[in-house]
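Structure first, then comments.
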Amino acid sequence: MKFRRKSSEPAGDSVDEGVEPSAPEEPVATPVGPWDIDDVSADDGVDRIDLGSLLLTNVEGLEIRLQVDEATDAVQSVMLAGADGAVELRAFAAPRGGDLWAEIRPRIAAEYAQRGGTASEREGRYGTELHCQLTVRTEDGRTANQPSRIVGINGGRWLLRATLLGRAATEPDAVGPWDTAIETTVVRRGVGAMPSGGELPLTLPSQDLLTPREP
């Protein structure tokens with residue numbers, strides 16, 4: 001380890017004991033998303049599935065599932081699901097520089113309470129999260145407790161809301177592919193005027209992405 005010497009000290013093996021060694025450089029953290037559409041480049045080499053307001057990447061271990069209204073072909077929700085957990089993604093318009101997530105958290109908690117569930121706040125990887133419990137009826141007619149974890153991430157003029165299920169909800173400190181899904185998501189807000197809290201529309205991807213490729 002090298003020590004710095006005073007300029008007036010003659011060269012030699014002695015060192016100034018009062019001078020602290022230089023601290024090692026801190027590693028530079030790799031920036032993560034979610035991203036605004038203006039912050040990514042079309043030629044960055046990342047393959048993305050364009051769903052209108054959301055652009056997603058294929059994440060190993062997760063399958064992208066779209067719920068589509070058959071009458072209108074409107075995409076109602078998008079979920080990335082795997083064996084251990086899943087995450088549903090929704091994007092909303094928000095005022096620039098505001099904190100829409102802080103505004104709507106109490107409303108979400110109230111909705112769970114009205115449905116007989118609970119929602120409590122907890123600090124997590126993405127800031128303040130909601131940890132929710134709700135009694136649901138299963139396909140075989142029984143009742144079960146469904147835990148979920150809801151995180152909100154404020155963007156420039158948008159909010160990305162992620163609802164995590166399965167292991168992603170019950171083990172909030174575990175890092176899994178659902179985190180990769182959130183952090184690689186790109187949000188396209190659009191330039192049109194929208195009320196704060198209005199959900200950004202989703203669209204079907206191009207047909208070549210929906211049709212399986214021949215081996």
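For this structure, a couple of remarks:
- Looking only at residues of region 162-187 that are touching a Ser or Thr at 6+ places or on another chain (Cβ under 6 Å) and not in a helix (DSSP H, G or I), we find that the one that is nearest to THR135 (Cα to Cα) is LEU165.
- Contacts under 8 angstrom Cβ, first residue in region 134-154 being in contact (Cβ under 8 Å) with a residue 24 or more places away in the chain, partner of a type in the set (Phe, Trp, Tyr), 6 or more apart: VAL151/TYR126; GLY152/TRP101; GLY152/TYR126; ILE153/TRP101; ILE153/TYR126; ASN154/TRP101
- Within region 98-127, considering residues that are in contact (Cβ under 8 Å) with a residue 40 or more places away in the chain and in a loop (DSSP other than H, G, I, E, B), the one nearest to the chain's Cα centre (by Cα): TYR126
- Entry remark, region 34-73: residues being under 17 Å from the mean Cα position of the chain (by Cα), over 20 Å from TRP158 (Cβ atoms) and in a loop (DSSP other than H, G, I, E, B) number 5 in total.
- Restricting attention to region 136-166, the residues that are of a type outside the set (Phe, Trp, Tyr) and surrounded by 12 or more Cβ atoms within 10 Å (Cβ to Cβ) add up to 20.
- Region 96-133, residues that are under 18 Å from GLY197 (Cα atoms) and surrounded by fewer than 12 Cβ atoms within 10 Å (Cβ to Cβ): ARG96, GLY97, ARG107, ALA110
Each value in this text was obtained by applying a stated rule to the coordinates, not by laboratory testing. Owing to the predicted nature of the structure, the values given are computational and were not obtained by experimental measurement. For neighbour counting, all protein chains shown are included, and Cβ atoms are generated from backbone atoms with ideal geometry for every residue, glycine included.
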